[in-house]
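Every read-out reported here was derived from the displayed coordinates using simple, explicitly stated rules and does not represent laboratory data. On a predicted model such as this, the values are computed, not experimentally measured, just so you know. As a convention, Cβ positions derive from the backbone with ideal geometry for all residues, glycine included, and neighbour counts pool all protein chains shown.
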Amino acid sequence: MKIKHILSWLAGATAYVVVALFLMGYENTKMHPAITETMIDGFIDKFVHAVVPPANLDNYTFVFDGNATYSGPAITNPGYFSSTTTTSTVSKTPKEWLKHGGYSADEPEVPAALRHFYDPLGIDGGKKYLTNRGTNWEFIINNNGLNPRIDAKDWALHHADNSWTWDKGKEWVKKALTTSDKTKRDEYMARAWRCLGEVLHLIADMGCPPHTRNDSHAAPVGWKYRIALGDPDPFEELVKPSYAATYEGGAVDPALKSSCRTATSADEVFETMSRFTNKYFFTNQTISGIGVKKITPIIDDRPAYPSPKLDKLAYDALDYTFYQTMPGGQRVKMCKDKNWFSLRGYPYIDAECVESQAAALMPNIAEAGANLIRLFMPALEVSVAKATPDGLVEGKVTFKTTGEYPDKLTYQGEVTILVNNKDAGKVQVDQDGAFTVENLTLADNDKVTAMISFGGVYVKSEELEVSSLDVLAILHECNEVTISLYGEHTFSDGTYTMPISIPGASDSLSSTEHVTWNGQSFSQTIERRWKDGWQNIHIERITKNGSVSLDGKRLNSISGESYEELDYGGTGEYVEKWTDKIELQNVPLFSASPRRDNDLPSVFYRAEGSGVSSYVMNVVHKYWRKDNSGTILREYISTNWNSSKTIPKLEVQFLSNW
Amino acid sequence: MPYLRSFMLGAITIAVLHLLATCSEGDGGSGPVDNPPSTIDITAINNGAQAVEDAFATGDPQKVAETLTEEAKSFYADKLDEIQDRMAAFSKAIQSRTLKTYSEYYAEYSYTDNGSSYTLSLALQEDGAWKLMRF
C-alpha cells in the first residue's frame, strides 16, 4: 500500500516535469529571437537569393524552417545563475535553434549580463570589457572576487569558458561534415546552429548602444542586487521586438555594408558593428558636447567618447531635439533637452529617440548578422564528373578553405544522386570525398546531379547530361585556344561592330607554345619577335590561363592577354601596337568533337545574346599608331549588350593543329 | 482515488521546488517586449508618480530627493535647492501626466503645460517602489 502511494507520488512528480519541459521549450518571443529572424531573412535575401551568390554559397539551398528537426541541448528553464538553469535535449529546426541561441545566450542571466559588453575604443584605460560600476559587479557576481574581464567579442567568438562560441560552432560543423553517421551529424548541427544563434545574439548586442559604450544598466528584475548596477537604460528598456521586422529593410550604412561584405572573419564583423554603434549613438549616460551649455557625461569617471558630439548634430529648436543624418540617409533623433524648469536642460533619450535610433540600427544589425551566417558556412562543392549511358556516375565533394575554415577537411557523409531531379539513391563517399555509383538506369540526355546535406543545408552539383563523350579527355588533346567577343563596341573614337580577340599564334605553334594541361587547369604562353622580308619587326606576346569544370562542360574561368607590335621598316617611325585582354567566367559548353578519322579534336564554349555580359568580367582593347601624321589612340569603353543590330556573342575555341 | 492525492502531492511538491529554484523568463527581463507583461503592476507605477507629485507639492527638496532613484539623487543633488521655488508649480503641471510607455522596470510619462509637452521617467526599485529617474 505504501509503495503504491510512493509510486503515485513519483508519477505525479514525473508528470509535472514532462509538462513543464513541454511548455517551456518554445519561449522564443522576445527581442533577440526577433532580431535573429531578421538576420536569417537578410542572409537569404542578400546572399542565397543574390544574382551572384558568394563563392562559398554557390549551389547552396537552406531549409531553415522545414519538417526536419535536430536534437540537441537547449535551455528549458531559465535562471539567474547556472545552478538554477535547466538544460534538456529537445528537437528543433535550424531556425528554431538559431532563435533559441538568441534566447539562451542570456542564460544564466546574471553572468551573461556582465559578459555582453564590448567597448571597441576601450575608453576606460584600454579596457574593452564592462568596467562601469565594475566594483559593484565584482562584489555581487564574484563574491568580491575579480572582475572576469571578458568582453562580448571574445566571449562570443573564442572564449574557452563559453560552450557556445563561434569557434565551437565551427568545430561542430567540421565534426558534422566529417562523420559518416547521420544521427551524429544531425546532433552536431543542432549544436552548431545554437552556437551561431548565441553569436547572433551578441552581434545584436553590438547594435545596442549601452553594450558598446561601457554603460552598465540594471540587472534582471527580481534579482535583489540589481539596483547597485545603475538605472535602467532607456534604449535597452523601450526598444521593441517589432522594431526588428519593421525597420530591417531600412538603409544600411554604406561603410558598414562594404566592411561586412568584404570581411573574411567574424572578428571583423564584430569590430565593424560595435564601432558603428559606438560612433553614431549616445546612451542616456554618455551624452557629451556643447548643448545649451557644455554637457559632460553622467558617467564621468573616464573620458567622454569622441563621437557623437552634441555640437556636431543639428538642433531643432521647435522640438528641442538633436538630429543626426546618418551616412545611410536616415535622420535620427539622438536626444532631447526640453526641460520644464529651464526650457533647455540636460539632454536625455526618450521613447521617441529610442524608436528613431532603432530604425537606424536594425538594418545594420541585420546586415552584420547576415554576414556572420555567410561566414559560418563552410565552402563545399559537389561535382559530377562523369555520367555515362552504361549507368556509371562519378563525382566528388570538395571542401574549399576560407578565412574562417583555413584547414582542409574531407567530407565523409553520403551523397544523394538525382536523375532528372528524382532521387536515384544514396552513396557513401570514399576517404577522399569521391563517389562512384554503378548500374544506375541512365539514358542519353538524362540529367544527373549529386547533393549533400547537413543540418538543413543542401549543396547541389551542376547538372550533368548523360553522355558517352569525355569532354575533359578531348580538351587534353587540344593545344591551342582562342577567345573572341563579338558585338557593338564603343571605343574612344566611335562605335564599331568588330570582334575583340585574344588570338592564337600567327603561325604554326612550337611545342613550347602549346596549351599545357594540369587536370582541369590550362595555360599557354607565346612570345615571339621576328623580322619579315620587308624588314618590318613583329613582336607578339600572348598569355592565357584558366580552368574548366571536372566534366569539362563548363569553362570556369579564362583570362587571355595579347600584345602585338609592328614596326614598319624597323625604324620606329611608323609603329602600330595592339593590347587586348579578356576575362570570362562560367561559360557553358557549346560543342565538343573527339578526334576521329580526319577530324581534329575541338571544344567550343559559347554564349550569345544580352546574357553574355554575365560571363564577361573584364575587357581591354587599346590600339596605338604612330606615323608621319602623328599619333592615334583608340581605347575600348563599353559594349552594347542589348544591341539588336549586332547580337553579342562570345566564343572560346580549344583546337588541335596536329 | 487515494492514490490520486499522492499523485497530486508529487506534482505540487516538484512544482513548488521548481518555482523556488528558478525564475520565469518573463520575470527574468531577458528582453523587452512589444506589449508589457500583464504582471507589471501599473498601480505601483502610478503610485510612484503620485508620490513624486506629492513630494514636489511640498516644495521641500529633502522630500523630493526621497522620491529619486539613487543615481538621480546624485545627478540632481546640487539642483534641487535651485528649483525649490518652482516645485509646487511643477507638481501641478505633472497632474496632466499620462503613462506613455513602460517596461518591467522603466516607465515614461508625458504631460503638458501651457500647450507644451514634456516627459519624465521612473525606474523600479528593489523594494518594489517606482522612483523618479529623470524630470
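A few remarks follow.
- Taken over the Cα atoms of the protein assembly as shown, the convex hull encloses 249 Å³ per residue.
- Cross-link partners of A:K386 among lysines, defined as those whose alpha carbon lies under 24 angstrom from its own and excluding same-chain residues fewer than eight positions apart: A:K396, A:K400, A:K422, A:K426, A:K447, A:K460, A:K553.
- With contributions of -39500 (n - 2.57) from each DSSP H run of at least four residues, the per-residue ellipticity at 222 nm computed over the protein assembly as shown stands at -9000 deg cm²/dmol.
- Residues with amide H under 5 Å from that of A:D151, placed H, sequence gap 5 or more: none
- Across the options A:P108, A:G395, A:T286, the greatest Cα extent toward the positive end of the charge dipole of the protein assembly as shown (unit charges at beta carbon of Lys, Arg, Asp, Glu) belongs to A:P108.
- Computed packing ranks the peptides A:158-171, A:384-397, B:75-88 as A:384-397, A:158-171, B:75-88, most packed first, by mean other Cβ atoms within 10 Å.
- Residues A:E109, A:E488, arranged from fewest to most other Cβ atoms within 10 angstrom of their Cβ, appear as A:E488, A:E109.
- Taking region B:41-134 and dividing mean pair separation by its residue count, relative contact order in percent (alpha carbons under 8 Å, at least six apart): 31
- Residue mean of other protein chain beta carbons inside 10 Å, A:30-40: 2
- Counting Cβ atoms of other protein chains within 10 Å of each Cβ in A:236-246 and taking the mean gives 4.
- The antiparallel fraction among DSSP beta bridges confined to region B:35-135 stands at about 95%.
- Only helices reaching 24 angstrom along their own axis (Cα) with mean Kyte-Doolittle hydropathy no lower than 0.0 count here, and for the DSSP H runs of chain A these are A:2-24, A:351-376.
- Other protein chain C-beta atoms within 10 Å of residue C-beta, averaged over A:337-345: 4.
- Relative to the Cα centre, the charge distribution of region A:379-462, modelled as +1 at Lys and Arg Cβ and -1 at Asp and Glu Cβ, gives a dipole magnitude of about 180 debye.
- Cα-only Debye scattering, region A:379-462: base-10 log of I(q)/I(0) at q = 0.24 Å⁻¹: -1.15
- Cβ-derived FRET efficiency at R0 25 Å, B:D113 paired with A:D301, nearest 0.05: 0.10
- Estimated dipole of region A:27-97 in Debye, rounded to 20 [Cβ of Lys and Arg +1, of Asp and Glu -1, Cα centre]: 160
- Chain A - charge dipole about Cα centre, Lys and Arg +1 at Cβ, Asp and Glu -1, debye rounded to 20: 1880
- Remark on A:G79: its backbone amide H falls under 5 Å from those of A:E109, a criterion applied only to residues 5 or more positions apart or on other chains, H modelled at 1.01 Å from N.
- Neighbour-count ranking [beta-carbon atoms within 10 angstrom, fewest first] of A:H211, A:H514, A:H489: A:H514, A:H489, A:H211
- Rounded, prolate or oblate (a/c below 1.5 giving rounded, otherwise prolate when a/b exceeds b/c) for region A:471-655 by Cα gyration tensor: oblate
- Under 16 Å from the A:Y563 label point (7 Å along Cα→beta-carbon), backbone N, region A:614-658: A:620-625
- For the protein assembly as shown, the residue among A:Q520, A:M189, B:Y111 whose Cα projects farthest onto the positive side of the dipole built from Cβ charges is B:Y111.
- Prolate/oblate/rounded call for region A:314-450, Cα gyration tensor, a/c under 1.5 rounded: prolate
- Summary of the geometry: region A:616-644 and region A:149-169, compared by the centres of their Cα atoms, lie 55 Å apart.
- Placing dummy labels 7 Å off each Cα toward the beta-carbon, the span from A:T264 to B:Q84 is 6.9 nm.
- Gained length - A:S484 relative to A:T646, 0.36 nm times residue gap less alpha-carbon distance: 56.9 nm
- Distance violations [Cα-Cα > 25 Å] among A:K30/A:K184; A:K309/B:K63; A:K257/A:K279; A:K408/A:K544; A:K95/A:K240: A:K30/A:K184; A:K309/B:K63; A:K408/A:K544
- Ranked by how many other Cβ atoms sit within 10 Å of their own Cβ, fewest first, the residues A:V52, A:V269, A:V616 fall in the order A:V52, A:V616, A:V269.
- When the Cα positions of A:Y458, A:A317, B:N46 are compared along the charge dipole of the protein assembly as shown, B:N46 comes out farthest toward the positive end, with charges on each C-beta of Lys, Arg, Asp and Glu.
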